Amino acid sequence: MSEKMDRRSFLQKGAIIGASSVVGGKILSALVLKNSNVLYGDEKVDISVVKGEDYFESTIRAVEEFGGMKRFVTKNSRVAILPNAQRNNPGTYTKPDVVRAVVRMCKKAGAKEINCLSWLPEKNWEDTGLAKAVKKEGANLVLVNRNDESLFKPVPVKKGKALKEARIMKEFFKNDVFITLPVTKDHAGNKFTGTLKNMMGLNSPQNNRGFHKEDWDTNIDSIRFLDQCIADLNTIIEPDLCIVDATEFITTNGPFGPGKLLKPQKVVAGIDRVAIDAYCCQLWGLKPDSIIAINKAYEHELGEMSLKKVNIKELEV
Amino acid sequence: MKITPLFALTSFMMISLIGSHCVRKTNGGGYISYYLPASNGLKDWKPVGQPQKFEGEDLFLYINGGTEIYHEYGFTQVITQEYRNKKGKTINLELYEMEDSSSAYGIFTFKKGDIGQKIRIGNDAFLEEYYLNFWKGNVLVTVTGFDSERETMDGLISIAEATDARIKTQGQKPPLPVLLPRKNLNVNSIKYVKGNLGLVNHYAFDSENIFGVKEGITGDYGTFEVFLFQYDDENESLKWYEYARDHLENNPKFHNFANSDSAFSVIDDEGKPIHVEPYLNDIIIILGKKQIDAAIFLAEMKESIRETMTIEE
């Protein structure tokens, strides 16, 4: 897909955007961010947020408020989903209920195949309960051997300021639609992790290692380099839908934990990764302009970082 | 005292000769494996599977991100072991070996929260909602359960105690925390930092290391917080004081810059007043929550610094 679309045609062709964004190795979608909202009458929604104790139900509602899954998943499409299964420490992984709801909605929308992608070991998936959730809902858990670089495809990062080549898992390219499912949480290195950083879950761990400077230097240039690489990586992969688990997460000792838990009980859905991350970071008092990765992604014109310019629809169930 | 592998290995061999424990050979290998409680050392919890060990940069393979802070404090290796009880509940034990005891103390203060329960394990221990941290010698121990139920919390403590019993080395806190006057100090708030990343996670004066922090301490006194950064000599502290002063004066996050011969002050973007003053080998910073009224406190702190320097001389 290369032509830009106005909002009307976007709304009509929403699902096709997803399909075309990953076909034939042409990962970079030309999705126009100003069109990343949904229109209900006069109400424009950029991000939908649902708060509630039932995380399965909240996820369903958050997507419904953003136009419903059929907007993104066409009949007989293959859907790649990317939850975070970093660790079974509370507040460090995407909740199984959130993943279950997404798989259920994709199936209902007519998806032929739903593939949960990861290079993390099976133990992470078992320990977090995510393996059981994925399988029970009828999705495939596709685990790629992290040590086998041949399973990752080199992809040039043409707009990259720090990252010149990514190595994306080949399994990713077998899908038509991509839904990212991060948990938002603290990160001791760059303060915050959300949709932008979750994309490292598709990139080979060895390539990800290169985001960090030699000797794990902690000076600001090294942290800026890491955040620039994260933003650069996002220029070649654009999710068709982002659903963020902000139900319970750690606000200290991230991303691995254990750490102090915050429980806003929110599920956040949208397309604009920058706006979503800007929204999520302020859930625990961080300012979007203090998060380097958000600034770098904004500089790449990947989305809007000023929440004053974003229409957020929040409801409680 | 710096705990060298040779020292620890010697301790380990002596303990083995005494015969009170049977040494377990693990995939991890090395003396740190010995610190893991064995099956017969715990009543209700048994080890599951083999322990895993990661050294140096391979920490990245284990925690998959956010390793910089461990390296800033001086990480050398980690060993982990999972334990399970009859009901199938799981507890994870992690032992992080650090370069020395001050590094272990530092990462302990970084990882522990300020709301929790201080308990008597190791040199210092803190029990929180579903996990506990303690440090002993050059090791930080993190024990994590996955809920806050009674049997899990009891399990955390019993595994931590069993680990504590196996770590025969002792360690001393670095001298810096002693410089914080005790009156009104929330001791649970103390953070010992060994670089800018530790500091930025607490309060970001600047993303750049404008104070050249290589060793420092912070503490909360209710109406204000204190930061003390220590340098090799007076020239170095003055150099970094001037460097930070010039940066903060031009940083849009701060306003109302006021400078005198011996100190400067600014107000941050949340309206918090900040007083910065070099003193001997140190820089003292007071971050007020509303107004700073810390003249007596400053005098006490300077006296502590003077006394410490006199003792060292």
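The values are calculated or read from the model by the stated rules, or taken from the named source; none is laboratory data. Nothing here was measured: the structure is a model prediction, and the numbers come from that model. Glycine also receives a Cβ, built like all others from the backbone with ideal geometry; neighbour counts cover every protein chain displayed.
Observations on the structure shown:
- A:Ala109 meets each of the listed conditions (1) in contact with a Phe, Trp or Tyr (Cβ under 8 Å, 6 or more places away or on another chain); (2) hydrophobic (A, V, I, L, M, F, W, C); (3) under 25 Å from A:Phe192 (Cα atoms) apart from (3).
- Residue list for segment A:109-159, filter: within 14 Å of chain B (Cβ to nearest Cβ) and of a type in the set (Asp, Glu): A:Glu122, A:Glu126, A:Asp127
- Residue within segment B:78-91 that is under 20 Å from B:Lys194 (Cα atoms) and in contact with a Leu (Cβ under 7 Å, 6 or more places away or on another chain) present: yes
- In the condition set (1) within 14 Å of chain B (Cβ to nearest Cβ); (2) surrounded by fewer than 24 Cβ atoms within 10 Å (Cβ to Cβ); (3) in contact with a Gly (Cβ under 7 Å, 6 or more places away or on another chain), A:Asn219 is compliant with all but (3).
- Inter-residue pairs, beta-carbon under 8 Å, first free of Cβ contacts under 8 Å to residues at least 60 places away in the same chain and in segment B:166-186, second loosely packed, with under 12 Cβ neighbours inside 10 Å and part of a loop (DSSP other than H, G, I, E, B), 6+ apart: B:Asn184/B:Gly222
- So B:Val266, is it among the β-branched types (Val, Ile, Thr), touching a helix residue (DSSP H, G or I) at 6+ places or on another chain (Cβ under 7 Å) and free of Cβ contacts under 8 Å to residues at least 40 places away in the same chain: yes
- Scanning segment B:190-245 for residues that are farther than 24 Å from B:Asn259 by Cα and among the small types (Gly, Ala, Ser) yields B:Gly195, B:Gly198, B:Gly219, B:Gly222.
- Of everything listed in (1) within 13 Å of the chain's Cα centre (by Cα); (2) part of a helix (DSSP H, G or I), the single unmet condition for A:Ile294 is (1).
- Yes/no for B:Gly116 being surrounded by 23 or more Cβ atoms within 10 Å (Cβ to Cβ), touching a Phe, Trp or Tyr at 6+ places or on another chain (Cβ under 7 Å), within 19 Å of A:Lys260 (Cα to Cα) and not assigned by TED's automatic domain parsing to the domain that holds B:Gly219: no
- Of all the numbered requirements in (1) among the small types (Gly, Ala, Ser); (2) at pLDDT 95 or above; (3) not assigned by TED's automatic domain parsing to the domain that holds B:Asn250, B:Gly171 misses one, and that requirement is (2).
- Number of the condition not met by A:Val274 [criteria: (1) surrounded by fewer than 18 Cβ atoms within 10 Å (Cβ to Cβ); (2) out of contact with any strand residue (DSSP E or B) (no Cβ under 9 Å at 6 or more places or on another chain); (3) not in a loop (DSSP other than H, G, I, E, B)]: (1)
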